[in-house]
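The values are calculated or read from the model by the stated rules, or taken from the named source; none is laboratory data. Because the structure is a prediction, the values reported are computed rather than measured. Ideal geometry is used to build each Cβ from the backbone, glycine not excepted, and the neighbour counts take in all protein chains shown.
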Amino acid sequence: MKRSRVTLADVAAMARVDRAVVSRVVNKDPTLNIRQETRERVLAAIDELGYRPNVAARSLRTSRAHMFGLFIPDFANPVYAEIIKGAEAEAAAQGYVLVTGSATGAGLGEYMDRIGQGRIDGLLLAGTGDDTSLTQQLDQAAIPWLMLNNRSRGVKRYVILDDQRAAALAVEHLVRLGHRRIAHLAGPSRADTAARRSAGYSAAMRDAGLPEGPIVAADYTPAGGAAAMARLLAGQDPPTAVFVANVASAIGAMEGARAAGLEIPREVSIVAVHDLDLASYLHPALTTVRMPLAELGRRGVTLLGSLKPDDTVAEVLAGPIELIQRRSTAPPGR
């Protein structure tokens, strides 16, 4: 026999409370004033019966979809997986679902058409570039939105990581090892994250009293990193160390160094922004700068939950940033 759907009334009967109490517990109503033992009894009944709220009915009652959107440049970039995990966890804690789309599957306009205006309660934008017409379109949609680790000219609605500090940690590490010819494998020229990391590299080199090395831009992919590394190593006086703007690019950069016949780190050291589990399994294990990616996703959703369509937000996330030294960096050997 087909099992009937568990209803609010079923939970209320088992917990010996009114249905309105169950509803307010499910929706995390901060004004609900009941004894802790009553709340626990309701939660135990929900768990035992396997009750799941009827999202469609709840949306009709509250005029909210209980969904947040997250738009990213590319699912292939492993960095976004960490951000999504944090965003999903916080959305679930608020009783929301996170709907994620990428620029590789469809443009933002098509993504918005698919989810439909009014079917999400807020939108996080990661890496959409500097597009004034885009922000105007979002304002017209009359839903709260926030740029995530990305900024656009004239827009004060973002939360970002301290990428300049991350770049400085990487360069300072290489300088302490004794490197003086330090190149920079940068990110895409139009990416806000790339600009901030390049600025951090330049400032750290000046602070160390060193001239900037060659800077080559690449997309955040292994293929882009390999091609950029080949260009960096083709000069008359190749660097002894390379600061890479992204861990995915660094994977390609390491292969590019090996293809040029160089041993890492004896002949060239490599350090990259972002620490992922895979970094410790590379050969040699990659030195990275760890950033609070999951916390960035969580903070974005937290802000979105209380954001009004015309609010201003300009926040640099305060979170731990640390250098994780592995075997891809060492004192210069040539």
| task | Please enumerate the residues belonging to the range 295-310 that are farther than 21 Å from Gln164 by Cβ, of a type in the set (A, V, I, L, M) and assigned to a helix (DSSP H, G or I). | result | Val301, Leu303, Leu304
| message | The conditions are (1) among the aliphatic types (A, V, I, L, M); (2) over 24 Å from Arg298 (Cβ atoms); (3) modelled with pLDDT of 90 or more, and Leu32 fails exactly one of them. Which is it? | response | (3)
| query | If you take just the strands (runs of 3 or more DSSP E) that sit entirely in the range 203-290, which of them hold at least 3 residues that are free of Cβ contacts under 8 Å to residues at least 24 places away in the same chain? | reply | none
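Residue by residue, here is whether (1) within 26 Å of Val242 (Cβ to Cβ); (2) not assigned by TED's automatic domain parsing to the domain that holds Leu174 holds:
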| site | (1), (2) |
| --- | --- |
| Pro265 | yes, no |
| Val268 | yes, no |
| Asp277 | yes, no |
| Tyr281 | yes, no |
| Leu286 | yes, no |
| Arg299 | no, yes |
| Gly305 | no, yes |
| Ile321 | yes, yes |
| remark: Note: among His173, His184, just one is buried (at least 23 other Cβ atoms within 10 Å of the Cβ), outside the structural domain of Thr104 (by TED's automatic domain parsing), in contact (Cβ under 8 Å) with a residue 60 or more places away in the chain and not in a loop (DSSP other than H, G, I, E, B), namely His184
| remark: Residue pairs within 6 Å by beta carbon, gap of at least six or interchain, first lying in the range 149-167 and at negative phi and without any contact (Cβ under 8 Å) to a residue 12 or more places away in the chain, second surrounded by fewer than 22 Cβ atoms within 10 Å (Cβ to Cβ) and of a type in the set (S, T, N, Q), listed first then second, are none
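Condition check ((1) modelled with pLDDT of 90 or more; (2) crowded, with 18+ Cβ neighbours inside 10 Å; (3) more than 29 Å from Val289 (Cα to Cα)) across all residues:
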| position | (1), (2), (3) |
| --- | --- |
| Ala91 | yes, yes, no |
| Tyr111 | no, yes, yes |
| Gly129 | no, no, no |
| Ser133 | no, no, yes |
| Ile143 | no, yes, yes |
| Ser152 | no, yes, no |
| Leu161 | yes, yes, no |
| Ala166 | yes, yes, no |
